[in-house]
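The values are calculated or read from the model by the stated rules, or taken from the named source; none is laboratory data. Nothing here was measured: the structure is a model prediction, and the numbers come from that model. Methodologically, a virtual Cβ is constructed for each residue, glycine included, from the backbone with ideal geometry; neighbour enumeration extends over all protein chains shown. With ligands, DNA and RNA removed, areas are computed over all heavy atoms of the protein, side chains included. Shrake-Rupley method; radii C 1.70, N 1.55, O 1.52, S 1.80 Å.
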Amino acid sequence: MTMERFIDLVEDPTVCRNFLDSKDTNPSPPMWVMPLLNSTFAWNHTMHLQFTQSTQKKKKKPSKVVVGEQGPSVIHSGTWTSQGWRLVTHPGFITFPHCDCSGMCTYIIGNSGAKIWAVMCPKRVLCPDSSEQLSEILRHAITMSLEGRFSEADVATVCLEEGDIMFQPPGVLHSVYTPVPSIFNGGYFYNYETMHLT
């Protein structure tokens, strides 16, 4: 589908679509974000670390994360190519609970329309020591009760409109509802102060 056709369908109540992650090859983050955009510094100061799963064979205990001194030899290309993007969305579209790109920070800017951003915090106070435990906690947090509620997560909502800007740390579980035709832009970046969340 072309972008022209996508825009033509915006007023059709039988169509609800989202043009997700349209690449912005020349992102222009707001000035206040600039001190946070230290991706190269953050990467260079932590790239020697290697996070791996231990090879424990016991099934009763989940494997622990081990920090070594040899970092990754490559960076996934999506990490750098997704630094700037646009979201063009029809009214009524919802993105279900998820975490964003590669453990990166996110900034979001409203160009037109509105989005209701729901940030979800799992109620379990357990600090996971494995990716399996983290996956289990997140799975419980996004499970709806019979009443249609996220009973295993605290949920806070923010309505973002034209001109609004939001910063989201890495690993934040969230869901987004778009009530009206909307265009938003934003980007992903690493920040040294949040690398422990990555």
* To do: For residues that are buried (at least 16 other Cβ atoms within 10 Å of the Cβ) and farther than 19 Å from Pro29 by Cβ, tally how many sit in the stretch 147-165.
  => 3
* Asked: What number of residues within the stretch 98-111 satisfy the criterion of being surrounded by fewer than 20 Cβ atoms within 10 Å (Cβ to Cβ), more than 20 Å from Pro181 (Cα to Cα) and modelled with pLDDT of 80 or more?
  -> 3
* Asked: Where residues in the stretch 143-165 are assigned to a loop (DSSP other than H, G, I, E, B) and at pLDDT 85 or above, which of them is farthest from Thr95 (Cα to Cα)?
  -> Gly163
* Can you name every residue in the stretch 126-146 that is open to solvent by 60 Å² or more (accessible area, probe 1.4 Å), in contact (Cβ under 8 Å) with a residue 40 or more places away in the chain and either touching a Ser or Thr at 6+ places or on another chain (Cβ under 7 Å) or aliphatic (A, V, I, L, M) (or both)? -> Ile142
* Asked: Could you list, in sequence order, the residues of the stretch 166-198 that are farther than 27 Å from Lys123 by Cα, open to solvent by 50 Å² or more (accessible area, probe 1.4 Å) and assigned to a strand (DSSP E or B)?
  -> Ile183
* Asked: When you scan the stretch 112-125, how many residues do you find that are part of a strand (DSSP E or B) and surrounded by 16 or more Cβ atoms within 10 Å (Cβ to Cβ)?
  -> 7
* Asked: From the residues in the stretch 166-194 that are of a type in the set (Ser, Thr, Tyr) and touching a His at 6+ places or on another chain (Cβ under 8 Å), which one is modelled with the highest pLDDT?
  -> Thr178
